[in-house]
Amino acid sequence: MTIIEKFLNGDPVALARIITHIENRGPETEKILATLYPKTGKAHTIGITGPPGAGKSTLVDKLCALFVKRGQSVGIIAVDPSSPFTGGALLGDRIRMQDLTQYESVFIRSMATRGSTGGLALATTEVIRTLDAFGKDVILVETVGVGQVELDVAETCDTTIVTLVPESGDSIQAMKAGLMEIADIFVVNKADRGGSQRVVSELNMMIDVKRHKSRRELPVMAVQAVNNIGIEELLLKIDSEYENLKSGDNFQKHRMKTIRYDILKTIEHRFKKRLIDEILPNNLLDEYVNKIYYGQGNPYDLAQSVVDNLK
């Protein structure tokens, strides 16, 4: 049997091998993804993001247990930061989610930035599609931080949860980072700490205007994930948001938006690879850098000449 046949037969080893191909951008990656893509579009994808220390892994752990309890299979992608010194990922998420490994219906994969030569956002999105094609009912994507990767991943998820903690400044930072625009649900975790109600109130005030314009609930939830308090209520909100997405023509528009994203990101990756490998290899780039350094030209005219030569 080929790896695709094993994958389609539900072999988790084949699933893991295909994900490794995606991370390392193996030669067969896009051919495999092209075969699997028609089988995507059925899973409920949930992005969970927020600053480090917000308890996202614990939240994922508790939510996953509830999904499994009601008979759904779950895929978890934990996007780990890579060490700038060793290049290795800090796989703390895998350690915190060890209890989930007892469930056959749960597949957990940590992804490190160093392994994503096609761009972390692209690789993560392709792994989401792969888990979807594998037949997972729910896919939980945990990302660390509030950077461009998180914004990109949120573009491909059906529901985006922004997790914060009661410490002062988090809610303001979230607004500045653009998360106010992508969040479907806000979660203030570790709500047993002082100041949690203040953060909930601040967030509610911040998003009141958006609620009025979008005519959406945009709930703000206070939970204690480590104590399993408020998680069932959060799951009900997640279900409600997903049902609203599927009402009318919202879901069709959303799916078409994710397909558009897949097209543009794949084209962007191919152009970038061609630029680096063929059009502007390092030795030629070094020549241009040297010339500009000594006053011969500028980056803007150079960029235009490169674009003109593509025609």
State which residue pairs qualify: first residue touching a residue at least 12 places away in the same chain (Cβ under 8 Å) and closer than 16 Å to Glu181 by Cβ and inside the range 195-210, second residue of a type outside the set (Asp, Glu) and open to solvent by 80 Å² or more (accessible area, probe 1.4 Å) in any location, beta carbons under 7 Å apart, and separation of 6 or more residues or different chains.
Met206/Met175
Please verify whether the range 116-123 includes one or more residues that are of a type outside the set (S, T, N, Q) and at pLDDT 75 or above.
yes
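Checking the structure you have, find out if any residue of the range 212-234 is in contact (Cβ under 8 Å) with a residue 60 or more places away in the chain and within 20 Å of the chain's Cα centre (by Cα).
Initial filter on the range 212-234 (in contact (Cβ under 8 Å) with a residue 60 or more places away in the chain): 223, 225-226, 228, 231-232, 234.
Next cut, within 20 Å of the chain's Cα centre (by Cα) only: 234.
Yes, some residue in the range 212-234 is in contact (Cβ under 8 Å) with a residue 60 or more places away in the chain and within 20 Å of the chain's Cα centre (by Cα).
I'm checking my understanding of the structure. Among residues of the range 222-277 that are in a loop (DSSP other than H, G, I, E, B) and over 22 Å from Val187 (Cα atoms), which one is least open to solvent (accessible area, probe 1.4 Å)?
The initial filter retains those residues of the range 222-277 that are in a loop (DSSP other than H, G, I, E, B), namely 223, 228, 230, 246-249.
Filter once more, so that each one left must be over 22 Å from Val187 (Cα atoms): 246-249.
Numbers: Lys246: 88, Ser247: 54, Gly248: 78, Asp249: 77 Å².
Once the filter is applied, the top-ranked residue is Ser247.
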Tell me, yes or no, whether the range 129-138 has at least one residue that is in a strand (DSSP E or B) and at pLDDT 90 or above.
yes
Quick check on the range 27-71: of everything there that is open to solvent by less than 50 Å² (accessible area, probe 1.4 Å) and in a loop (DSSP other than H, G, I, E, B), which residue is nearest to Arg129 (Cα to Cα)?
Thr40
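Taking the range 9-53, which residues are aliphatic (A, V, I, L, M) and touching a helix residue (DSSP H, G or I) at 6+ places or on another chain (Cβ under 8 Å)?
Let us first name the residues in the range 9-53 that are aliphatic (A, V, I, L, M), namely 13-16, 18-19, 22, 32-34, 36, 43, 46, 48.
Once the filter is applied, which keeps residues that are aliphatic (A, V, I, L, M) and touching a helix residue (DSSP H, G or I) at 6+ places or on another chain (Cβ under 8 Å), the range 9-53 yields Val13, Ala14, Leu15, Ile18, Ile19, Ile22, Ile32, Leu33, Leu36, Ala43, Ile46, Ile48.
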Being closer than 18 Å to Lys69 by Cβ and touching a residue at least 40 places away in the same chain (Cβ under 8 Å) is the filter here, so list the residues in the range 235-267 that pass it.
Leu235, Lys237, Ile238, Tyr242
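Which residue is farthest from the chain's Cα centre (by Cα), if the candidates are limited to the range 1-41 and must be basic (Lys, Arg) and over 19 Å from Ile76 (Cα atoms)? Walk me through it before giving the result.
We begin by selecting, within the range 1-41, every residue basic (Lys, Arg); these are 6, 17, 25, 31, 39.
If we keep only those that are over 19 Å from Ile76 (Cα atoms) too, we end up with 6, 25, 31.
Working: Lys6: 26, Arg25: 18, Lys31: 23 Å.
If we take residues in the range 1-41 being basic (Lys, Arg) and over 19 Å from Ile76 (Cα atoms), then Lys6 is farthest from the chain's Cα centre (by Cα).
Could you tell me whether the range 289-297 includes any residue that is part of a helix (DSSP H, G or I), under 30 Å from Tyr242 (Cα atoms) and of a type in the set (Lys, Arg)? I'd like the intermediate steps shown before the answer.
Narrowing the range 289-297 to residues part of a helix (DSSP H, G or I): 289-293.
Now drop any that are not under 30 Å from Tyr242 (Cα atoms), which leaves none.
No: the range 289-297 contains no residue that is part of a helix (DSSP H, G or I), under 30 Å from Tyr242 (Cα atoms) and of a type in the set (Lys, Arg).
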List every residue pair whose Cβ atoms sit under 6 Å apart, with the two residues 6 or more apart in sequence or on different chains, where the first one lies in the range 42-65 and is touching a residue at least 12 places away in the same chain (Cβ under 8 Å) and the second, anywhere, is aromatic (Phe, Trp, Tyr) and part of a helix (DSSP H, G or I).
His44/Tyr242
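The values are calculated or read from the model by the stated rules, or taken from the named source; none is laboratory data. Because the structure is predicted, anything quoted here is derived from the model rather than measured. Heads up, the Cβs are rebuilt from the backbone with ideal geometry, glycines too, and the neighbour counts pull from every protein chain shown. Ligands, DNA and RNA are excluded from the accessible area calculation, which covers all protein heavy atoms including side chains. Shrake-Rupley method; radii C 1.70, N 1.55, O 1.52, S 1.80 Å.
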